[in-house]
Each structure stands twice: as C-alpha cells, then as structure tokens.
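Following: one structure in structure tokens, then a few remarks.
The values are calculated or read from the model by the stated rules, or taken from the named source; none is laboratory data. These numbers come from a predicted model, not from an experiment. FYI the Cβ positions are ideal-geometry reconstructions off the backbone, even for glycines, and counts take in every protein chain you see. Quick note on the areas: whole protein, heavy atoms, side chains included, nothing else; ligands and nucleic acids left out. Shrake-Rupley method; radii C 1.70, N 1.55, O 1.52, S 1.80 Å.
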Amino acid sequence: MNRPTSPLTADLAAIPVVDVREGGPVRHAIDAAARARVLRDGCLDWLAPPARMLLPALDALTRRWLQRSRTPYLADAESIAAALGFSGIWFLNGSYEWGCTALARDEDGAPWLARTLDWPFPNIGRRIEVTRMRGVAGEFLNVTWPGYVGTLTAMAPGRFGAAINQAPLWRRTRKPWLRPYDLAANALRTWRIRHCPPDHLLREVFETCRDFGEARRKLETVPIARPVIFTLVGCERGERCVIERTEEGFASRYEDTSAANDWLRSTEPWEARINSAVLLTRTYEEARARSRSRREALAAWPQPFVRAGFAWVTPPVLNPMTRIAVEMCPAEGTLRAMGFEPVQGSDLPQPATQIRELSVASLAA
C-alpha cells in the first residue's frame with residue numbers, strides 16, 4: 001500500500017505495482033507501451049542530438065551484443081523491441097547504471113538491504129514501477145521499468161533480496177580527460193566476451209534459486225559479461241554478503257557488507273566510478289574518496305531501516321545522479337521504494353514519488 005501522504009507529498013507520483021506473473025517483462029512492456037515511450041523520450045533528453053541521431057546504430061550494436069551473449073532473455077528483448085516498435089529499447093537494455101550505494105545488515109535478527117541507484121538519465125526515478133514476477137523457484141518483486149529485461153533491484157519474500165552496483169572502471173590511462181578512451185576500450189572488450197550480462201544473471205537467480213545459499217553460489221560462479229558488485233541478503237541472521245565479481249572471478253565478504261562503486265580494497269588500475277558530470281576532471285584519488293564516503297556514510301547510518309522512512313537518503317549517499325532508493329527485508333516480505341528527480345534550482349534531486357510499501361500481507365489482499 002502507499003503510505004499516507006502529507007501536504008508536501010500529496011502531488012508526488014504513485015509507484016505502480018504491476019502483476020506480470022503471467023507474461024513477465026514482455027507483457028509488462030506491451031501493457032505499458034505508452035509509459036515505456038515516455039520513459040524512453042525522457043532518457044533521450046539527456047543525450048546530445050548527435051547521439052540521438054545514432055540511436056538506430058546503437059540499437060543494432062546492442063542487439064548484436066546480446067545475440068552473441070549467453071543471456072537467457074534474448075527472446076524477451078526481441079519481443080519487446082518488436083512490440084513497441086520504436087528505437088532505443090535495445091540501447092536502454094544494454095545501458096548500465098552509473099553508480100549506486102548499498103548496505104546489507106541485520107536488524108532485530110533479520111537481514112535488511114538498503115540501496116540507492118544513481119543514473120544520469122532523467123525521468124527514470126519518476127517512472128519506476130514494481131512488477132510481481134514468477135519463476136520456477138517462486139515469486140519476486142522487481143523494481144524496474146516497462147521495456148527493461150534485466151533485474152537491478154529485487155526481493156523474493158521468504159527467499160532473498162539483491163541489488164547490483166556497477167564495479168570500478170579498468171583504466172589503461174591515468175589522465176581524467178582520457179576516461180572516455182578507457183570506457184570505449186572496455187566496451188570493445190565486453191563486445192568480445194560472450195558471457196551473460198550481470199543484470200540478466202540476477203533475474204535468472206530470482207527465477208530459479210530457492211534460498212540465499214543457492215543464489216550466492218550462482219552469483220559467484222556463473223561467468224558474466226562485465227564486472228559487477230552484487231549485494232545479497234537472505235532470511236536468517238547473518239545471511240548477507242557482498243560479492244565483487246570480475247568476468248570469471250569473485251571475492252565475497254560477510255563483514256563490511258556495504259558497497260559503492262569500488263572494490264573494498266581499492267587496487268589500481270581499477271578506478272572507482274564517478275558520475276558523468278565530472279567524468280573529465282576527477283582524479284583517481286578523488287574518485288576513490290567519493291565512492292568510499294558514500295559507502296561509509298550508509299554503513300554508519302544509526303537508525304533501523306524499518307523506522308527510517310528513507311531518512312538515510314542524504315548526502316553523500318544522495319548525490320546529483322540519485323534516482324531510486326529501496327529498502328527490503330525478505331524475512332518479513334517487506335519492500336519499500338521511492339523515486340527521485342533533478343529539480344531546477346537545487347544541486348540535489350528531490351523526491352518524485354510517494355513511498356511505495358509492499359508486504360506479503362498487502363500482496364495477498
């Protein structure tokens with residue numbers, strides 16, 4: 001249910017909850033075609049006009065990459081692109097969130113996961129939706145958008161919850177102004193790797209894994225197309241971990257279970273991710289410090305999430321690119337989500353949606 005709104009939040013958008021247990025993301029996209037187009041148009045506003053002109057070519061490249069990968073959801077992406085009939089669907093499904101901050105910790109004997117998702121695209125905070133999905137292992141709630149095939153943030157009541165953070169950038173150079181070269185070189189390397197995209201692997205885990213242990217093993221061992229950081233929580237005390245992944249390797253930790261966009265132990269030539277606004281100016285040290293400050297600030301949050309009301313979404317965790325905040329407890333079957341958007345005259349994004357709170361009881365009603 002939605003929490004009661006104050007006069008200050010009464011005009012905020014409500015986050016839809018869409019039942020696609022039959023039909024999955026394809027049905028979601030078809031039923032919400034108009035919303036998917038508005039979302040696409042809002043994201044494209046961020047791109048420069050030359051990039052928008054290249055959108056058909058970017059679509060073709062992304063489609064070819066996914067066709068070469070080991071994704072189990074290629075048919076879904078093809079069906080969605082064909083049904084919606086406008087450009088940008090393949091490109092947006094190949095995009096990767098710029099940054100995130102996440103924390104897994106125990107509260108009153110049960111693991112909780114809190115996360116923010118940072119992305120330069122406008123409109124995605126206001127347009128988030130929660131889908132009820134189902135796989136062979138059971139149902140789960142996916143915080144997503146119509147037209148998107150993968151999973152970035154989700155919870156399966158009674159099983160586990162998980163979120164993706166973008167991993168640090170592999171640098172071949174050290175100059176800030178050469179980051180675009182490193183991004184392009186890494187993209188070419190990813191093109192040659194035919195493993196499963198990390199967000200597609202996470203969706204498959206929610207569809208097929210029955211408990212925390214099974215999910216952890218799959219997230220640790222299945223080869224992936226690019227590095228990623230998974231944060232995973234289960235239902236029993238201590239069932240929480242951060243999994244730092246390269247394409248075929250992993251390092252898991254069960255203490256210090258907070259994450260941003262760098263490895264816990266920073267190692268050159270890996271460089272912490274930074275937002276696009278400072279892409280050409282931040283040094284290695286500044287990038288590392290900003291990522292560490294977000295991770296440590298969230299880890300130090302003193303109040304229980306069950307009563308925080310998203311008060312933890314504050315600087316430095318809250319930053320100009322923050323679009324979504326989510327907190328979840330699989331043991332209780334509780335998930336809360338909230339969207340954020342840039343506001344003219346403010347350096348930081350502001351709430352764009354009401355807080356959406358879902359529970360096992362509300363879903364059964």
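Rolling a 1.4 Å sphere over the protein heavy atoms, what is the accessible area per residue of the range 241-365, to the nearest Å²? List each step's numbers first, then the result.
On the way: 5390 Å² over 125 residues.
Per-residue value: 43 Å².
Rounded to two decimals, what is the ratio between the C-alpha radius of gyration of the range 193-233 and 2.2 N^0.38 Å?
On the way: Rg = 9.7 Å, N = 41, 2.2 N^0.38 = 9.0 Å.
Cα Rg divided by the expected 2.2 N^0.38 Å: 1.08.
Using a 1.4 angstrom probe on heavy atoms only, work out the carbon and sulfur share of the accessible area of the chain in %. Numbers along the way, then the final one.
Numbers: 8120 of 14940 Å².
Carbon plus sulfur share of accessible area: 54 percent.
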Mind sorting out which of (1) 27, 24, 22; (2) 31, 28, 21; (3) 33, 24, 20 is the real semi-axes √(5λ) of the Cα gyration tensor in Å computed from the coordinates?
-> (1)
Cα-projected label distance for Y181 with V306, points at 7 Å along beta-carbon direction, nm | 5.4
Calculate the length of the line joining the C-alpha centroid of the range 62-85 to that of the range 266-294, in whole Å.
-> 32
Please build a GNM for the chain, connecting alpha carbons under 10 Å apart, and tell me which residue among R265, R126, R216 fluctuates the most.
-> R265
Normalised by the residues of the range 46-158, what does the relative contact order come to in percent, with Cα pairs under 8 Å and at least six apart?
-> 20
From a point 7 Å beyond the Cα of V136 in the direction of its Cβ, which residues of the range 46-81 have a backbone N at a distance under 19 Å?
-> 70-76
Spin-label zone in the range 138-156 - amide nitrogen under 16 Å from a point set 7 Å from the Cα of K218 along the C-beta vector | 138-142, 150-156
